[in-house]
Amino acid sequence: MNNQNTVDKEHAVYLPQDEMPTHWYNILADLPEPLPPPLDPRTLKPMSPEPLLRLFAKEVVMQEVSTERFIKIPDEVYDAYLCLPRPTPLLRARRLEKYLNTPAQIYYKCEYVNPTGSHKPNTALAQAYYNMVEGNKRLVTETGAGQWGSALAMAAAVFGLECSVYMVRASFDQKPGRRVMMETMGADVTASPSRHTKFGKSILESDPNNTGSLGIAISEAIEDCLAHETTRYCLGSVLNHVLLHQTIIGQEAKKQFEMIDVEPNIISGCIGGGSNFAGFAYPFIADKLKSKSATQYVACEPKAVPSTTRGVYTYDFGDTAEITPLIKMYTIGHKYQPPPIHAGGLRYHGKAPSLCYLINKGYVSSVAYSQTEVFEAARILAQTEGMITAPETAHTVKYVIDEALRCKSTGERKVIAFNNCGHGLLDLQAYDAFRNGRLEDYEPSNIEVPKFIP
Ligand SMILES: Cc1ncc(COP(=O)(O)O)c(C=O)c1O
């Protein structure tokens, strides 16, 4: 189905706007069995979704438990996607291939092409829209590196809502540009742990220099939400509805590969909570679940926060203060204090339950890298493709380069596709530290995961 106007086989594949998918894809409809349910930590019994209604917009709670295969994108969200703009291009990294002298073909989906520079608006716009329709006035959230906070600040501005963001202190200090971006869009931003919440205060009392974590910032945002009647909480990853909204990425990519008659052999992405990886991969994994495809799926994480490569597949809390239900996932323990690596979006102790299920059953594999090696991969990408990627995305770039070099040694002509889920233009301090040899690598020597289920 080649379309001469929209396909340049050598470099880029553009999907026309009128072919953008109209529905999100829900993988829960196609899993071989239902996911292990969230549990009430007091009774260890499955939890009903009702308590979530105080935290989230009603529509996203419905989506969280839905097993409908396709869910319609509301017209207002669809229009907002078109303005980002979407569809995003699929690019062939020819100069990188040439530099590596590999027979492999490398493609990437450009999710950094929007005003906030990452994939996060795909769910931020949907969550802000549903809250606006349901009459909520203010959104509260946490952010690690600041991409999610920026996306929610932008989406709140688009749909006329107030927005407050608890930003992990390590990133608040490393990335002032992200704070300024959120404030310019109208959000207020607080370094976490903070004195705004009881939980934040308790952390600071025992450790005034605590650099924060996503788990702590989530606890603070939830406490803030519960204290304000017309405020709702939004999460940028992990939950089913977030991954659902991100599937616009993979559905577009599928159509783009069909346009050039190419089938990827490997699909890769980085994982913090799992949303960009899932958004890119799940529409392809749908075929694998029906045994129609031999494509490999590879998720990349930091050695400093090795949830899926060294963690345990068990029930754990999603936050540090133990407010959330227990969810079954790969975890390194909700009390784990992630070291201050620059990939702030990957500093989360657990991962999305659906992704963890797929890893546990062998549909998806995972690898871990240290931060100096991923920045070296990002340097190669910058000097070949002219694109400075986010430190998070650099993890998948490292994998792709290694795999392409492996193909060089075996002569395999594999098609490797990755989700280029963010730019690094507000991470230049991290690039500077890398260039000047000031980056440190971290790895936990010992991982302790609490056991809630006998
Ligand atoms: C650019 C980028 N990539 C990846 C992530 C990790 O999140 P997820 O695994 O949900 O995509 C983040 C989170 O902040 C991010 O900003």
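The values are calculated or read from the model by the stated rules, or taken from the named source; none is laboratory data. All values reported here derive from a predicted model rather than from experimental measurement. Heads up, the Cβs are rebuilt from the backbone with ideal geometry, glycines too, and the neighbour counts pull from every protein chain shown. Just the protein is used for accessible areas: all its heavy atoms, side chains included, with ligands, DNA and RNA removed. Shrake-Rupley method; radii C 1.70, N 1.55, O 1.52, S 1.80 Å.
Restricting attention to the chain, close to 40% of DSSP beta bridges with both partner residues there are antiparallel.
Taking K and R as +1 and D and E as -1, what net charge do the other residues with C-beta under 14 Å from the C-beta of THR247 add up to? Could you put the intermediate results ahead of the total?
Values: positive: ARG69, LYS72, ARG86, LYS109, LYS254, LYS255; negative: ASP30, GLU68, GLU111, GLU252, ASP287.
Every neighbour counted, the sum reads +1.
With unit charges on the beta carbon (Lys/Arg positive, Asp/Glu negative), name the residue among GLY135, GLY274, ILE248 whose Cα is farthest towards the positive pole of the charge dipole of the chain. In the chain, that residue is GLY274. Note on LYS45/THR22: beta-carbon distance plugged into 1/(1 + (r/R0)^6) with R0 of 51 Å gives a FRET efficiency of 0.85.
For region 357-400 versus region 401-437, the spacing of their alpha-carbon centroids is 5 Å. What angle do you read, to the nearest 10 degrees and between 0 and 90, between the alpha-carbon axis of helix 248-259 and the longest principal axis of the chain? The angle comes out at about 10 degrees. A simple spin-label model places the labels of LEU425 and ASP441 3.2 nm from each other, with each point 7 Å out along Cα-to-Cβ.
Label positions at THR184 and PHE70, each projected 7 Å from the Cα along the C-beta direction, are separated by 3.9 nm.
Regarding the chain, what whole-number volume in Å³ per residue does the convex hull of its Cα atoms give? Working shown, then result.
Details: hull volume 62.3 nm³, N = 454.
It is 137 Å³ per residue.
With a cut-off of 18 Å on the backbone N, the residues of region 70-86 near the modelled label site 7 Å out from LYS290 along Cα-Cβ are 70-71. Considering only C-alpha atoms, what is the centroid distance from region 120-154 to region 17-84, in Å? A separation of 15 Å, based on Cα centres.
Considering only DSSP beta bridges where both residues belong to region 263-419, give the percentage that are antiparallel (nearest 5). Present the calculation step by step, with values, prior to reporting the outcome.
On the way: 6 of 19 bridges.
In region 263-419, approximately 30 percent of DSSP beta bridges are antiparallel ones.
Charged side chains reduced to their Cβ positions (Lys and Arg at +1, Asp and Glu at -1) give the chain a dipole of some 680 debye around its Cα centre. In this simple spin-label approximation, LYS137 and VAL113 carry label points 7 Å from Cα along the Cα→Cβ vector, and these lie 4.0 nm apart.
If I compute solvent accessible area with a 1.4 Å probe over the protein chains, what percent of it on region 306-399 is carbon and sulfur? Show your work: numbers first, answer last.
Working: 1240 of 2460 Å².
Ligands and nucleic acids excluded, carbon and sulfur give 51 percent.
For ASP173 and ARG413, FRET efficiency with R0 = 51 Å and r from the beta-carbon atoms, rounded to 0.05? Please report the intermediate quantities before stating the final value.
On the way: r = 45 Å, r/R0 = 0.89.
According to the calculation, E is roughly 0.65.
Report the net charge of residues surrounding THR230, where surrounding means a beta-carbon distance below 11 angstrom and charges are Lys +1, Arg +1, Asp -1, Glu -1. With Lys, Arg at +1 and Asp, Glu at -1, the net is 0.
Tell me, what % of the accessible area of region 174-223 is carbon and sulfur with a 1.4 angstrom probe? Could the numbers behind the result be given before it?
Details: 1120 of 2120 Å².
With neighbouring chains kept in place, the figure for region 174-223 is 53 percent.
Put simply, region 265-361 fits an ellipsoid with semi-axes of 25, 15, 10 Å; these come from the alpha carbon gyration tensor as the roots of five times its eigenvalues, largest first.
So how do ASP18, ASP316 rank on accessible area, 1.4 Å probe, biggest first, that is with the largest at the start?
On the way: ASP18 135, ASP316 0 Å².
Greatest to least solvent exposure: ASP18, ASP316.
Give the longest segment of the chain that steers clear of trypsin sites (Lys or Arg not before Pro) in DSSP loops with at most 14 neighbouring Cβ atoms within 10 Å, not counting the sites themselves. Write out the running numbers ahead of the final one.
On the way: sites that count: LYS9, ARG42, ARG69, LYS137, ARG195, LYS290, LYS292, LYS361, ARG413, ARG438, LYS451.
Between the exposed loop sites, the longest stretch runs 196-289.
So what is the accessible area of region 307-454 per residue, in Å², with the probe set to 1.4 Å? Show your work: numbers first, answer last.
Details: 5620 Å² over 148 residues.
That works out to 38 Å² per residue.
For region 108-173, a crude dipole built from +1 on the beta carbon of Lys and Arg and -1 on the beta carbon of Asp and Glu, taken about the Cα centre, is about 40 debye to the nearest 20.
Looking at region 214-256, the accessible area is 21 square angstrom per residue; that uses a 1.4 Å probe and ignores ligands, DNA and RNA.
Can you work out the accessible area per residue across region 1-125, with the rest of the protein chains kept in place, probe 1.4 Å, in square angstrom? It would help to have the intermediate numbers written out before the result.
On the way: 6200 Å² over 125 residues.
I get 50 Å² per residue for this part.
A Förster radius of 25 Å combined with the Cβ-Cβ distance from GLU448 to ALA227 puts the calculated FRET efficiency at roughly 0.20. Compared with the direct C-alpha span, the chain from ALA382 to ARG54 gains 113.6 nm at full extension, assuming 0.36 nm per residue. On a 0 to 90 degree scale, rounded to 10, what angle separates helix 371-385 from the longest Cα axis of the chain? So the helix axis and the longest Cα principal axis differ by about 40 degrees.
Sites listed here are GluC sites (Glu not before Pro) in region 198-244 whose DSSP assignment is loop and whose Cβ has at most 11 other Cβ atoms within 10 Å: GLU229. Return the whole-Å distance between the Cα centroid of region 237-251 and the Cα centroid of region 298-315. Comparing the Cα centres of region 237-251 and region 298-315, I get a distance of 20 Å.
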